[in-house]
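Working notes, beginning with the structure itself.
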Amino acid sequence: MEAYTEIREAVAKLCAGFPGPYWRALDREMAYPTEFVNALTESGYLSVLIPEEYGGSGLPLSAAAAILEEVQRAGCNGGACHAQMYTMGTLLRHGSEAQKAAYLPAIAEGRLRLQAFGVTEPTSGTDTGSLKTTARREGDHYLVNGQKIWTSRSEHSDLMLLLARTMPKSEGMKRTDGLSVLLVDMREAIENGLTIRPIRTMMNHATTEVFFDNLRVPAANLIGEAGRGFRYILSGMNAERILIAAECVGDAKWFIDKARAYASDRSVFGRPIGANQGVQFPIAKAYANMRAAELMVREALSLYESGANPGAEANMAKMLAADASFEAANACIQTHGGFGFAEEYDIERKFRETRLYQVAPISTNLILAYLSEHVLGLPRSY
């Protein structure tokens, strides 16, 4: 698999222009990193998966993974824009030629942002088949009513991929049947049936809840066939989990680097604290687990790019990488002692950010349940 050395070096150079003080200032105000996202967009990094015929680079998923890993490794936060990479797949794979021609070039150029993903609801969580948001067809429009939560970046996105029920449940129907994907133009929707409410969280993640009140969406914005939306969303979830795993690997490398440097430089009782096995062993263990997770990410990428369905590998990559980044975060903060909690070191900020991936985009417990049932053949638990 290609290492993308030149891309990695270029991303690292770009990220050097957005050092710790930039992110700390945003963190205090819970502000969106507009300048950083614009820089990534203008450099073409957010459009690497868009085919060249639509103005993108036409590169495989491993290139996107390399970009996001380097963003995190540099101490930046790709959570502000990573969804544009993995939501793109639904439009690329299942959108009509007219839809792709209308939206992809503008996204590639940076004139439009596709970063909002409306799936999760307050009452259903990851039980997507039980979502209650409806889209009822009336002539050449759908009328959308309902609510979504944890719809990150909706205040900073022009387009949203929305999953809603277009067919009522009936006997014999699977819970996930009857769901459809709509491409919502948020510029037209705000104040015309769409309301956005920010949610303050423990990290600066620009997340919101959104409310739909008879929002009119053109029927021409239906992605693929009505009623098959869950399959379309599901086909992009492997990519999402692999890319998040790559970010976690980058986070782990950042924490390990910070811990190693501090343990080598900080002297107490007349010698570097890194000479103490109680300090060096947790860092070494975090490194070993990061490397193991990195190999699983590569395995998942290889299978994905070969056209396979790496459900187990994508889930394991996400879980192992999230565990590795959180272990590295703990080792890093423990190595720094009190300084690990000081804002100026950036560790406490990155600690909060990487903690998210134990829960999102899918919790560790659900990954374990998936592996138990679908890999090990154990009885279904949910």
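The values are calculated or read from the model by the stated rules, or taken from the named source; none is laboratory data. Everything quoted here is computed from the prediction, not taken from an experiment. Positions of Cβ are generated from backbone atoms using ideal geometry, with glycine treated the same way; all protein chains shown enter the neighbour counts. These accessible areas exclude ligands, DNA and RNA; they are computed on the full protein's heavy atoms, side chains included. Shrake-Rupley method; radii C 1.70, N 1.55, O 1.52, S 1.80 Å.
Would you be able to tell me the number of residues in region 10-43 that are in a loop (DSSP other than H, G, I, E, B), more than 24 Å from T208 (Cβ to Cβ) and in contact (Cβ under 8 Å) with a residue 40 or more places away in the chain? Break it down into steps so the answer makes sense when it comes.
First pass over region 10-43, keeping only residues in a loop (DSSP other than H, G, I, E, B): 16-19, 30-33, 43.
Next, only the ones that are more than 24 Å from T208 (Cβ to Cβ) stay: 16-17, 19, 43.
Restricting the remaining residues to those that are in contact (Cβ under 8 Å) with a residue 40 or more places away in the chain gives 16, 19.
Residues that pass the stated criteria total 2.
Counting only residues that are over 18 Å from L114 (Cα atoms) and out of contact with any Gly (no Cβ under 7 Å at 6 or more places or on another chain), which one in region 202-229 is surrounded by the fewest Cβ atoms within 10 Å (Cβ to Cβ)? Quick ask: steps written out before the conclusion?
Going residue by residue through region 202-229, those that are over 18 Å from L114 (Cα atoms) are 202-204, 211-216, 219, 225-228.
Add one more test, that the residue is out of contact with any Gly (no Cβ under 7 Å at 6 or more places or on another chain), and what stays is 202-204, 211, 219, 225-226, 228.
Values: M202: 9, M203: 17, N204: 23, F211: 15, A219: 14, E225: 12, A226: 18, R228: 18.
If we take residues in region 202-229 being over 18 Å from L114 (Cα atoms) and out of contact with any Gly (no Cβ under 7 Å at 6 or more places or on another chain), then M202 is surrounded by the fewest Cβ atoms within 10 Å (Cβ to Cβ).
Determine which member of the set I244, I233, I199, I273 is surrounded by 15 or more Cβ atoms within 10 Å (Cβ to Cβ) and farther than 30 Å from E97 by Cα.
Of the residues listed, the single one that is surrounded by 15 or more Cβ atoms within 10 Å (Cβ to Cβ) and farther than 30 Å from E97 by Cα is I273.
Name the one entry in L295, L303 that is at pLDDT 95 or above and touching a Pro at 6+ places or on another chain (Cβ under 7 Å). Full working, then the answer.
Numbers: L295 fails: touching a Pro at 6+ places or on another chain (Cβ under 7 Å).
Exactly one of L295, L303 is at pLDDT 95 or above and touching a Pro at 6+ places or on another chain (Cβ under 7 Å), namely L303.
Being within 20 Å of G20 (Cα to Cα), hydroxyl-bearing (S, T, Y) and surrounded by fewer than 19 Cβ atoms within 10 Å (Cβ to Cβ) is the filter here; which residues of region 321-378 pass it?
The answer is Y345, and nothing else.
Determine the pairs where a residue that is farther than 30 Å from P33 by Cα, located within region 207-233, has a partner that is of a type in the set (A, V, I, L, M) and surrounded by fewer than 21 Cβ atoms within 10 Å (Cβ to Cβ) with Cβ atoms under 7 Å apart, the partner being 6 or more residues away or on another chain.
N214/L143; R216/L143; G227/M167
Collect the residues in region 169-189 that are open to solvent by 30 Å² or more (accessible area, probe 1.4 Å) and either within 22 Å of T126 (Cβ to Cβ) or within 24 Å of the chain's Cα centre (by Cα) (or both), keeping them in residue-number order. Full working, then the answer.
If we filter region 169-189 for residues that are open to solvent by 30 Å² or more (accessible area, probe 1.4 Å), which is where we start, we get 169-177, 187-188.
Once the filter is applied, which keeps residues that are open to solvent by 30 Å² or more (accessible area, probe 1.4 Å) and either within 22 Å of T126 (Cβ to Cβ) or within 24 Å of the chain's Cα centre (by Cα) (or both), region 169-189 yields K169, M173, K174, R175, T176, D177, R187.
Regarding region 142-149, can at least one residue be identified that is crowded, with 22+ Cβ neighbours inside 10 Å and in contact with an Asp or Glu (Cβ under 7 Å, 6 or more places away or on another chain)? Please lay out each step first, then the result.
Keep residues of region 142-149 that are crowded, with 22+ Cβ neighbours inside 10 Å, which gives 142, 144, 148.
Next, from what is left, pick out any that are in contact with an Asp or Glu (Cβ under 7 Å, 6 or more places away or on another chain): 148.
Taking every residue of region 142-149 in turn, at least one turns out to be crowded, with 22+ Cβ neighbours inside 10 Å and in contact with an Asp or Glu (Cβ under 7 Å, 6 or more places away or on another chain).
Kindly evaluate K100 against the criterion of being open to solvent by 50 Å² or more (accessible area, probe 1.4 Å), within 24 Å of the chain's Cα centre (by Cα) and not aromatic (F, W, Y).
Working: open to solvent by 50 Å² or more (accessible area, probe 1.4 Å): no; within 24 Å of the chain's Cα centre (by Cα): yes; not aromatic (F, W, Y): yes.
No: the conditions fail for K100.
Taking into account only those residues within region 63-81 that are of a type outside the set (A, V, I, L, M, F, W, C) and open to solvent by 10 Å² or more (accessible area, probe 1.4 Å), which is nearest to E240 (Cα to Cα)?
Going through region 63-81, the residues of a type outside the set (A, V, I, L, M, F, W, C) turn out to be 69-70, 72-73, 75, 77-79.
After this cut, where a residue has to be open to solvent by 10 Å² or more (accessible area, probe 1.4 Å) as well, the list is 69-70, 73, 77.
On the way: E69: 13, E70: 17, R73: 19, N77: 16 Å.
Filtering region 63-81 for residues that are of a type outside the set (A, V, I, L, M, F, W, C) and open to solvent by 10 Å² or more (accessible area, probe 1.4 Å), the one nearest to E240 (Cα to Cα) comes out as E69.
Among residues belonging to region 342-378 that are of a type in the set (A, V, I, L, M) and part of a helix (DSSP H, G or I), point out the one that is farthest from H205 (Cα to Cα). Write out each step before concluding.
The initial filter retains those residues of region 342-378 that are of a type in the set (A, V, I, L, M), namely 342, 347, 356, 359-360, 362, 366-369, 371, 375-376, 378.
Now restrict to residues that are part of a helix (DSSP H, G or I): 347, 356, 366-369, 371, 375.
Values: I347: 17, L356: 10, L366: 22, I367: 23, L368: 26, A369: 27, L371: 29, V375: 33 Å.
Step by step, filter region 342-378, then rank; the result is V375.
With the requirement that a residue be open to solvent by 10 Å² or more (accessible area, probe 1.4 Å), of a type in the set (A, V, I, L, M, F, W, C) and in contact (Cβ under 8 Å) with a residue 40 or more places away in the chain, what does region 308-320 give you?
A312, M316, M319, L320
Give me the pairs, please: first residue somewhere in region 259-280 and of a type in the set (G, A, S), second residue anywhere and assigned to a loop (DSSP other than H, G, I, E, B), beta-carbon distance under 9 Å, and either six or more positions apart or on two chains.
That search, which allows pairs on different chains as well, returns A263/N276; G274/R266.
Give the residues of region 247-270 that are touching a Pro at 6+ places or on another chain (Cβ under 8 Å) and open to solvent by 40 Å² or more (accessible area, probe 1.4 Å), sorted by residue number.
Answer for region 247-270, where residues must be touching a Pro at 6+ places or on another chain (Cβ under 8 Å) and open to solvent by 40 Å² or more (accessible area, probe 1.4 Å): S264, D265, R266.
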